[in-house]
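Reviewing the structure listed below.
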Amino acid sequence: MYAESERPRSIWLRSERAGRGPAPGHDRAGIAAAAVGLADAGGLEAVSMRKVAGVIGAGATALYRYVDSRDELVQLMLDAVLADLRYPLLTGAWRADVLALARALDAVCREHPWTVDVLQGQPPMSPHGVVLLERALAALEPVDAPGQVKLEAVALTIGLVATVARTELAAGRSTEEWRSAQEEYLRSVVVAGEHPHLARAITTSTPASGDQDLLGRLLPRVLTGALGVTDA
């Protein structure tokens, strides 16, 4: 076993079981699956060490043999669902490739809505999270930008995916339907003539071409600004 001062802080650098003692009766995959089931049914707030222990048939304190905290449990959960991410083939057209990857991640968010709360933090640092980062950086390979800038662009992409997914999941319909309802209200406000700047912004808006969904419109602009590129 590690001495306390030498014990890795990251769960991913620790073995699933100590070098001594009886073999554990559970594993990280089973624990993660139980926790994901709870979160899919009741949201992230439905996940507690006690509830997960109950699902796998362990004592409340036994779970701490496998994870040190609920935060580590959430890491296991996110890594488990990222394993199902279906990566698109890269084409060399980096904007389209990153957008395709973002849509694949968006599909995971919609299947597991609680992930939006986790992904709006820092990029996932776990085995499958690292695969996601590697694939995103591979998509950005044609871009002439420093590695740190590319990492920041990837982080912005992940955060934007989570934000868009949260908006649509909260509305219970597509963002286009939600936007139409909001625009209907804004037009009624503008007619009153009390908000000239808002009125100008609305009346000078032009229909977006190409991708009509929110993610498809926003992500290319976010990437262009984050990466500092000017090419078309």
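Miscellaneous remarks
- The residue of segment 55-82 that is nearest to the chain's Cα centre (by Cα), among those that are surrounded by 15 or more Cβ atoms within 10 Å (Cβ to Cβ) and outside any helix (DSSP H, G or I), is V67.
- Subset of segment 43-52 [part of a helix (DSSP H, G or I), in contact with a Phe, Trp or Tyr (Cβ under 9 Å, 6 or more places away or on another chain) and farther than 19 Å from M125 by Cβ]: E45, A46, M49
- Evaluation of R135 against (1) surrounded by 15 or more Cβ atoms within 10 Å (Cβ to Cβ); (2) of a type in the set (K, R); (3) under 15 Å from the mean Cα position of the chain (by Cα); (4) within 21 Å of L38 (Cβ to Cβ) (one fails), failing number: (4)
- When residues of segment 110-143 are limited to those that are touching a helix residue (DSSP H, G or I) at 6+ places or on another chain (Cβ under 7 Å) and free of Cβ contacts under 8 Å to residues at least 24 places away in the same chain, the one farthest from A226 (Cα to Cα): L133
- Screening the candidates G210, G216 for the property of being small (G, A, S) and modelled with pLDDT of 75 or more yields one hit, G216.
- Test set (1) exposed (fewer than 12 other Cβ atoms within 10 Å of the Cβ); (2) modelled with pLDDT of 80 or more - K150 fails condition number: (1)
- So P123, is it of a type outside the set (F, W, Y), within 30 Å of H26 (Cβ to Cβ) and assigned to a loop (DSSP other than H, G, I, E, B): yes
- Annotation: L132 fulfils all but one of (1) outside the structural domain of L223 (by TED's automatic domain parsing); (2) touching a Pro at 6+ places or on another chain (Cβ under 8 Å); the unmet one is (1).
- Filtered by the rule that a residue be assigned to a loop (DSSP other than H, G, I, E, B) and not aliphatic (A, V, I, L, M), segment 126-148 gives S126, E141, P142, D144, P146.
- Of the set (1) part of a loop (DSSP other than H, G, I, E, B); (2) at pLDDT 95 or above; (3) farther than 23 Å from E168 by Cβ, all apply to R17 but (2).
- Check on R103, closer than 30 Å to I31 by Cβ, among the charged types (D, E, K, R) and without any contact (Cβ under 8 Å) to a residue 60 or more places away in the chain: no
The values are calculated or read from the model by the stated rules, or taken from the named source; none is laboratory data. Since the structure is predicted, the reported quantities are computational estimates derived from the model, not experimental observations. When we count neighbours, we look across all protein chains shown, and the Cβ atoms used for this are built from the backbone with ideal geometry, even at glycine.
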